[in-house]
1. Closest approach to the B-A rotation axis by any Cβ of B: residue and distance in angstrom?
2. Given H placed 1.01 Å from N in the peptide plane, which residues other than close sequence neighbours of residue A:55 have an amide H under 5 Å from its amide H?
3. With every protein chain left in place, what is the accessible area of residue A:83 in Å² (1.4 Å probe, nearest 10)?
4. Quick one: accessible surface of residue A:65, probe radius 1.4 Å, all protein chains present, in square angstrom to the nearest 10.
5. Between residue A:40 and the same site in the other copies, what are the distances in nm, shortest first, taking label points 7 Å from Cα along the C-beta direction?
6. Which of A:6/A:44; A:72/A:128; B:6/B:66; A:6/B:3; B:3/B:47 have a Cα-Cα distance over 19 Å?
7. At a 1.4 Å probe radius, which order do B:20, B:78, B:9 fall into by accessible area, largest first?
8. Under the definition of Cα pairs under 8 Å and six or more residues apart, what whole-number percent is the relative contact order of the stretch A:1-83?
2 protein chains.
Amino acid sequence: MIKISKLADYAVIILTSYVDEQGQLFSSSQLAQRTKLPEPTVSKVLKLLSQANLLHSIRGANGGYKLSAELKNITVLDVINAIDGTLAITACVEHANANSEQCSHAGSCALKGRWNIVNTHVANALEKVSLQDMVCPVNEPRTVNG
Amino acid sequence: MIKISKLADYAVIILTSYVDEQGQLFSSSQLAQRTKLPEPTVSKVLKLLSQANLLHSIRGANGGYKLSAELKNITVLDVINAIDGTLAITACVEHANANSEQCSHAGSCALKGRWNIVNTHVANALEKVSLQDMVCPVNEPRTVNG
DNA sequence: ATAAAGGGTACTTATTTAGTGCTGTATTAA
DNA sequence: TTAATACAGCACTAAATAAGTACCCTTTAT
């Protein structure tokens, strides 16, 4: 199956935990408590998120992390990119970006670069879902395809 | 990164190798030769594809596999489902299907079931791309978002 | 100065995926 | 009816990836 890493899942949980206090500052241990996730893992995720500028970090005593943007302006694609790096489907696509060397079946491979179509479709799909969408309460349902 | 398994990639290579001889019968060793992929692996992929009814298998001497449908009517989603099972994103979604037990953060998890939105979006995206789309020649370019 | 809190790196462990091999079953042809 | 061919299914091994952990460094408020 296609799957998103656990860390990306954690990232969404952590980011959406800000939902009622967007703009507020929380330390990694606070976030670990609030999300009930193990602290070292939370810490790792927070680092990745701040590197990707989804969170703004403040160092030193009384430091912590706060959202760089509102949840409605952060997409699932942003989170996945932050945690797992650029969205890439199959080795061919990865290599196509990294270097121009073709895969071992280059000659016979009619697919060269074709996965990029799929890649783009998936990225577009992920870009349509914001974190706010993922946290919206059950009494405010949301159409899946709209 | 989100990625599709190598086997799914192989499956696409194998299926698209029929492009100019759709409806024809090939044995697994023929397909291995044509695609230049290792035979045991091809064999494994073929079994999965015929279980999913994307290929029709004929047993016995002079047997082999032939396409159950035209390439334009087989989607990337079909292939991924055949090889990797149902598209599932994160453990929450998987468990949500298998049993009704909630994830360990159930109480605090505002995301319960929300990944399904993402799932559906991705599935829709993958359903829009047919194998014929993936094999079309470079001199017949194709818009990515159309 | 010291304590609190983030930053970075490297390592270990666990999980998943890929690859291989063996045995069974169906079909055809001699 | 027997031998050869080819798919079916299962189980095992090995390799790759991801997750989790630990350690030490840097920054900043008190």
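1. Closest to the axis: B:125, 2.
2. A:50, A:68
3. Accessible area, nearest 10 Å²: 20 Å².
4. 30 Å²
5. 3.6
6. B:6/B:66; B:3/B:47
7. Working: B:20 130, B:78 55, B:9 15 Å².
Highest to lowest solvent-accessible surface, that is B:20, B:78, B:9.
8. Working: 97 pairs, mean separation 30.1, N = 83.
Rounded, it is 36 percent for the stretch A:1-83.
The values are calculated or read from the model by the stated rules, or taken from the named source; none is laboratory data. Model, not experiment: these values are computed from the prediction. Counting neighbours? That spans all protein chains shown, and the Cβs are built from the backbone with ideal geometry, glycine included. Side chains included, ligands, DNA and RNA excluded: accessible areas come from the protein's heavy atoms. Shrake-Rupley method; radii C 1.70, N 1.55, O 1.52, S 1.80 Å.
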